[in-house]
Amino acid sequence: QLEEAVDGQAHFVDATRIATALLGDSIATNLFMLGFAYQKGLIPLTDASILRAIELNGVAVEINKQAFLWGRRAAFDLNAVERIIAPAQPVVMTLPETVDKLVERRVEFLTAYQNAAYARRYRKLVDKVRARAEHAGLDDALAKAVAKNLFKLMAYKDEYEVARLYSDPQFTKRLRATFEGNFSIKYNLAPPFLAKRDVNGHLMKNGFRGAWMTPVLGLLARFKWLRQSAFDPFGHTDERKAERRLIRDYEATIDHCLTILSADNGEIAVKLASLPAQVRGFGHVKAASIAAFYRDREALLCQLTVSTLVRAA
């Protein structure tokens, strides 16, 4: 209808996607469209007048000038601009990694995440799996699966971990290496005691902005020793309880697998050990993926039992 109304003189361009890809912010869309229209001869002003108006406005001057210029370029040769923002084809590389290297990195992380005892709990089960798999004549696939997936469960991102990561000096260092000049940070968080819920009962994130957040997060990070204790103020939410239960159930599942592990059921054991890879997200999204984890676990445990019975027969 638009085409008919303007006798085929309409131009359609995905300005938000292109401007965001080029300049990193969807706010650039407006000036991008202005530049596009100007280049098409639809704005009865000179480019110097438009650029001067951007300067006089005094808001995001450089990004607005760039957006205007990119809009003109897109109007002249849209395909060329699309090629510029097209993602490069990634080079897929598989780096060989021994179980020892894989475990060492995760032990180091879990020590910083909680403490040395927590990391030893992780290493103990992985070492147990390695020894039992070797005895059963299996390769290191099961040990690698447990090393990756047990770590994923044990390093769940709770309030203390978010605070630790954001208050880490390396985080600030990376920000300053990425962005120039003065900038502010807004943390989108959903504290269980403060966040409101939407119509579906899901926690909604709130924006927390200001330099005062850094010391607050640093203070919270120092209380990580409360994690999984009776005094953890965040540990009584359904999500935290589910995460702790998931770790215990996974450890019990792996222990059960090891009692009947053989060359015949090793493939099923690896599938069981890899199930936590499907657990992702936060809140209701994570709850749904945890439910799927338990459904798939029961199905695989049945397969493991049948395989064991068949072998015994």
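The values are calculated or read from the model by the stated rules, or taken from the named source; none is laboratory data. No experiment lies behind these values; they were computed from the predicted model shown. Please note: Cβ atoms are built from the backbone with ideal geometry, for glycine as well, and neighbour counts cover all protein chains shown. Heads up: the accessible areas ignore ligands, DNA and RNA and are worked out on the full protein's heavy atoms, side chains in. Shrake-Rupley method; radii C 1.70, N 1.55, O 1.52, S 1.80 Å.
Remarks
- Filter result for residue 21 (part of a helix (DSSP H, G or I), in contact (Cβ under 8 Å) with a residue 60 or more places away in the chain and closer than 26 Å to residue 182 by Cα): yes
- Of all positions in the stretch 62-73, none carries a residue that is in a loop (DSSP other than H, G, I, E, B) and at pLDDT below 95.
- Residue in the stretch 36-58 that is open to solvent by 50 Å² or more (accessible area, probe 1.4 Å), outside any helix (DSSP H, G or I) and touching an Asp or Glu at 6+ places or on another chain (Cβ under 9 Å) present: no
- Residue within the stretch 258-265 that is aliphatic (A, V, I, L, M), assigned to a helix (DSSP H, G or I) and open to solvent by 20 Å² or more (accessible area, probe 1.4 Å) present: no
- Single residue of the stretch 108-140 satisfying the filter (farther than 24 Å from residue 163 by Cβ and not in a helix (DSSP H, G or I)) that is most open to solvent (accessible area, probe 1.4 Å): 139
- Scan of the stretch 179-202 for residues that are small (Gly, Ala, Ser), surrounded by 10 or more Cβ atoms within 10 Å (Cβ to Cβ) and modelled with pLDDT of 70 or more, ordered by number: 190
- Residues being closer than 20 Å to residue 122 by Cβ and β-branched (Val, Ile, Thr) are represented in the stretch 250-260 by at least one member.
- Applying the criterion of being of a type in the set (D, E, K, R) and closer than 19 Å to residue 205 by Cβ to the residues of the stretch 141-163, the residue that is surrounded by the fewest Cβ atoms within 10 Å (Cβ to Cβ) is 157.
- Within the stretch 150-169, residues that are over 30 Å from residue 269 (Cα atoms) sit with their Cβ atoms under 8 Å from residues that are of a type in the set (Gly, Ala, Ser), at 6+ positions apart or across chains, in these pairs: 160/221; 161/155; 163/218; 163/221; 164/112; 164/221; 167/218; 167/221.
- Among the residues of the stretch 216-242, those identified as surrounded by 15 or more Cβ atoms within 10 Å (Cβ to Cβ), charged (D, E, K, R) and not in a loop (DSSP other than H, G, I, E, B) are 224, 239, 240.
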